[in-house]
1. Could you pull out every residue, at least 5 positions away or on a different chain, whose amide H is within less than 5 Å of the one on Tyr133? Hs are placed 1.01 Å off N in the peptide plane, and Pro or chain starts have none.
2. Which of the peptides 114-124, 171-181 is most tightly packed, and how do the rest follow, judged by the mean count of other Cβ atoms within 10 Å per residue?
3. Treating only the Cβ atoms of Lys and Arg (+1) and Asp and Glu (-1) as charged, compute the dipole magnitude of the range 116-170 about its Cα centre; round to the nearest 20 debye.
4. Rounded, prolate or oblate: which fits the range 70-195, taking a ≥ b ≥ c as square roots of the Cα gyration tensor eigenvalues, rounded meaning a/c under 1.5, else prolate when a/b beats b/c?
Amino acid sequence: MTVSRCGHTGADAAVRGVVCAFLGLAAAGCSLVGTPKAPPGPAPTVAGAPGGTDAREGSERAEGGPRTVDLDAIPDAVPRIEPLSRYGNPPSYEVFGKTYHTLRDARGFVQEGMASWYGQEFHGRRTSSGEPYDMFAMTAAHRELPLPTYVRVTNLENGRSVVVRVNDRGPFHDTESRIIDLSYAAAYKLRIIGPGTARVRVEAIVP
């Protein structure tokens, strides 16, 4: 079993494919994993050592050529009132024999556990909500929170904190300890890229 730089195993890829079907996205072309549709355009490349925490810039290919992204300049997600996503919010779903119940209201939600992240290999692929995954957006995946939900994630090991928009389901590996999967940008700002995981606090923000 191989482990990618974001701490996911090959099993995670298969599981995300199963989750797409459970959440009603198979017909919509959910391509999180497995044999995905090609992303819309070339995948981005990340400048600097991908495992380091000191590479401030990422780049992705645009029509006019490479575009530099200053990761430190990416703003936090801004909480706003949104309707529940059409996809990704069944009352419950099952993965590998374990049933997860989704919440209809995130008010008062607080959780502590381990955070991991997912990055370039998923860029442009559909999330459980049907939205394309953007590794440079401040987003995250959670197993139970309503999609979308805004949460503050605090790295309990260094005190850094960000606000992200939850628009995906996961993680489904090491579920006893891992509680949230962060986008590449969010993980970078929390300084989780290098170690791959960190203990965090997740607090829902209800606008």
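1. Excluding prolines and chain starts, which carry no amide H, the hits are Gly124, Arg125, Arg126, Thr127.
2. 114-124, 171-181
3. Values: 7 positive and 6 negative charges, 18 e Å.
That gives the range 116-170 a dipole magnitude of about 80 debye.
4. Details: a/c = 1.42, a/b = 1.31, b/c = 1.09.
Rounded.
Rule-based calculations on the coordinates, nothing more; no lab input. Because the structure is predicted, anything quoted here is derived from the model rather than measured. Note that each Cβ is placed from the backbone with ideal geometry, even for glycine, and that neighbours are counted across all protein chains shown.
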